[in-house]
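Chemist: Here you go, one structure.
The values are calculated or read from the model by the stated rules, or taken from the named source; none is laboratory data. Computed from a prediction, not measured in an experiment: that's the story for all the values here. Neighbour counts run over all protein chains shown; Cβ positions are idealised from the backbone, glycine included.
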Amino acid sequence: MTTRRPDYCGPVFGSSTPSTETEYSRGPLEYSVSVGLVVDGDPTVGVVYDPANEDLFQADVTSAGEIDDVSLISEAFRVLVGRGEAGVSWSLPLPRGGATEGIGSVAYRLGLLASGQGDAVTTNYGRNEWDVAAGVACCTAAGLQITDIFGEPLQFNQPEPWVRGLLVARPALHRRLNAHFKSFG
């Protein structure tokens with residue numbers, strides 16, 4: 001998938017190949033190959049595979065379940081971010097209790113989050129739709145709330161296939177992070 005054809009409204013497959021070599025130089029080998037199916041602007045099926053760690057995440061949003069959102073959000077929480085965003089001064093600071101963990105591939109981060117191996121994924125960086133479609137499908141199926149970094153819903157298969165950063169978490173934590181980020185104007 002590269003750009004949307006204005007005359008085409010059917011399902012769109014998006015695929016993403018391994019991350020840039022910059023990520024390889026910053027830490028352990030983590031990369032992913034992902035394939036997502038977008039129907040009517042929404043990711044509906046996603047597969048994310050990290051061959052280095054042999055991790056496979058897959059989801060079909062028609063099998064999405066409800067999430068138990070009774071968890072205490074004042075406790076410590078772990079936010080999965082890009083390696084280049086972990087602990088840097090220009091990145092939006094997290095509220096009290098938040099700690100970042102740098103993970104190379106955005107699709108892999110979303111897969112980890114969908115499987116319960118993190119509490120949130122954030123990135124200030126814009127992404128191509130095809131880099132996140134499969135992971136967004138996995139997170140949707142897991143009952144997580146997904147928006148751009150500004151709290152706006154994601155819409156795929158747009159004329160400009162670009163997502164303005166990401167904020168993905170359980171609904172209560174998503175509300176907390178979204179309010180916190182908005183306080184910076």
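Chemist: State all residues of region 100-115 that are over 17 Å from residue 130 (Cβ atoms) and modelled with pLDDT of 95 or more; if no residue qualifies, say none.
Modeler: Scanning region 100-115 gives 112, 113, 114, 115.
Chemist: State whether the residues of region 123-145 include one that is more than 25 Å from residue 29 (Cα to Cα) and in a strand (DSSP E or B).
Modeler: yes
Chemist: Would you check which residues across region 155-182 are farther than 20 Å from residue 115 by Cβ and assigned to a loop (DSSP other than H, G, I, E, B) and list them?
Modeler: 155, 156, 157, 158, 159, 160, 161, 164, 165
Chemist: Consider only pairs whose beta carbons are under 7 Å apart and that are at least six residues apart or on different chains; among these, list those whose first residue lies in region 77-99 and is modelled with pLDDT of 90 or more and buried (at least 18 other Cβ atoms within 10 Å of the Cβ) and whose second residue is in a loop (DSSP other than H, G, I, E, B) and among the acidic types (Asp, Glu).
Modeler: 77/119; 79/119
Chemist: Using the structure shown, decide if residue 41 is at pLDDT 90 or above and out of contact with any Cys (no Cβ under 6 Å at 6 or more places or on another chain).
Modeler: yes
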